[in-house]
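Colleague: Please see the structure below; I have some questions.
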Amino acid sequence: MSHRTRRQIAVIASVGTLLPMLVLAQPVGEVAGVVRPPNAVAEVDVPATGEGASVPIPEPPKSLTYNLPFSLSDCYTLLSLARDALNETKSGVTNWDRASIDGLLETVSAYLRERDTMHSSLVEYRWEVLATRSVKSGLPQSDMIDLDPGSRGSRINALSFQVEDGDVVLHKLDVYDDENTLVGPFKREVTLRHSLPRRYVFHLYLPTDVQQIAMSTSQARPAAGEKPRVVVLAGRTDEPEHGKAAIHYIWRAQLALAEDNMNGAERRLERAQTEILAYRRFLKFRD
């Protein structure tokens, strides 16, 4: 055997000894790429019990990839994709990432909100004053407005606010229906300007029988001797609001998804698709 051959054998033996040590020294995330898949372990004639047993590495959930919607038809298609992902996750066929499903739904909702704003039906609304509240200081104060769901609180599509004698900060607005279910959790803080002619509108997305409105307000710039007042109005319309209804059902699907209720989420997405089809017919679009 030549000196060169002996040298090659020595190098190969050294690498064969170091390779397992190098692999074991890597982080687990990197080792996953070089470890043989579990089904290859069966080729080794070693019992799959005891300390030397192979532990299968679970596959991470798959993320959804999709293009942004540019039409109502795209929205319908993306909701079909989300429903398929929910059914596959529920049946165990594929483990889809819940966050990516929720992101898809939020993307569709954002498009629907933009489209619905372009075709506003506010000119068709009738407004009724529900309550007037004085805002006493710069500290947040809570108010509860109780309504009869069968009369003054019946079938409200939106709530609106007007302010007088100074700007007011609306810190929180919660709306409860006739079953005491929270239907309008508006958490974004808004400054209501007394000098602007327009109202501030908060849509409930479906005609709702309201029994209670909870809100928190404060003076934006307290002034001596002045106590701003907030006027709360209820808006109603007989015009169909298919876009808002679709947004509502997608929101309810997201709530069901957060509670791991796959069946409930899938059913609500089906309702949202029905509203999208009706919305297209109402607008006479074929996009």
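Colleague: Scan region 98-112 and give yes if some residue there is closer than 15 Å to Phe202 by Cβ and surrounded by 13 or more Cβ atoms within 10 Å (Cβ to Cβ), otherwise no.
Modeller: The answer is no; no qualifying residue exists.
Colleague: Looking only at region 226-284, which residues are in contact (Cβ under 8 Å) with a residue 60 or more places away in the chain, of a type outside the set (Phe, Trp, Tyr), under 24 Å from Lys172 (Cβ atoms) and in contact with a strand residue (DSSP E or B) (Cβ under 8 Å, 6 or more places away or on another chain)?
Modeller: If the condition is that a residue be in contact (Cβ under 8 Å) with a residue 60 or more places away in the chain, of a type outside the set (Phe, Trp, Tyr), under 24 Å from Lys172 (Cβ atoms) and in contact with a strand residue (DSSP E or B) (Cβ under 8 Å, 6 or more places away or on another chain), then Lys227, Pro228, Arg229, Val230, Val231, Val232, Leu233, Ala234, Gly235, Arg236, Lys244, Ile247 are the ones that fit.
Colleague: Quickly run through region 228-241 and pick out the residues that are surrounded by fewer than 22 Cβ atoms within 10 Å (Cβ to Cβ), within 21 Å of Leu122 (Cβ to Cβ) and not β-branched (Val, Ile, Thr).
Modeller: Leu233, Gly235, Arg236, Asp238, Glu239, Pro240
Colleague: Separate question: Which of (1) among the small types (Gly, Ala, Ser); (2) surrounded by 16 or more Cβ atoms within 10 Å (Cβ to Cβ); (3) outside any strand (DSSP E or B) does Gly225 not meet, given it meets every other one?
Modeller: (2)
Colleague: I would also like to ask the following. If a residue must be closer than 18 Å to Glu106 by Cβ and either of a type in the set (Lys, Arg) or outside the structural domain of Ser80 (by TED's automatic domain parsing) (or both), how many such residues does region 246-277 contain?
Modeller: Going through region 246-277 one residue at a time, the tally reaches 3.
Colleague: Search region 115-132 for residues that are of a type in the set (Phe, Trp, Tyr) and pair each with any residue that is modelled with pLDDT of 85 or more and in a strand (DSSP E or B) when their beta-carbon atoms are under 6 Å apart and the residues are at least 6 apart or on different chains.
Modeller: Close Cβ pairs (under 6 Å, with a partner that is modelled with pLDDT of 85 or more and in a strand (DSSP E or B)) amount to Tyr125/Gly235; Trp127/Leu233; Trp127/Gly235.
The values are calculated or read from the model by the stated rules, or taken from the named source; none is laboratory data. Nothing here was measured: the structure is a model prediction, and the numbers come from that model. Here the Cβ is made from the backbone with ideal geometry for all residues, glycine too, and neighbour counts use every protein chain on show.
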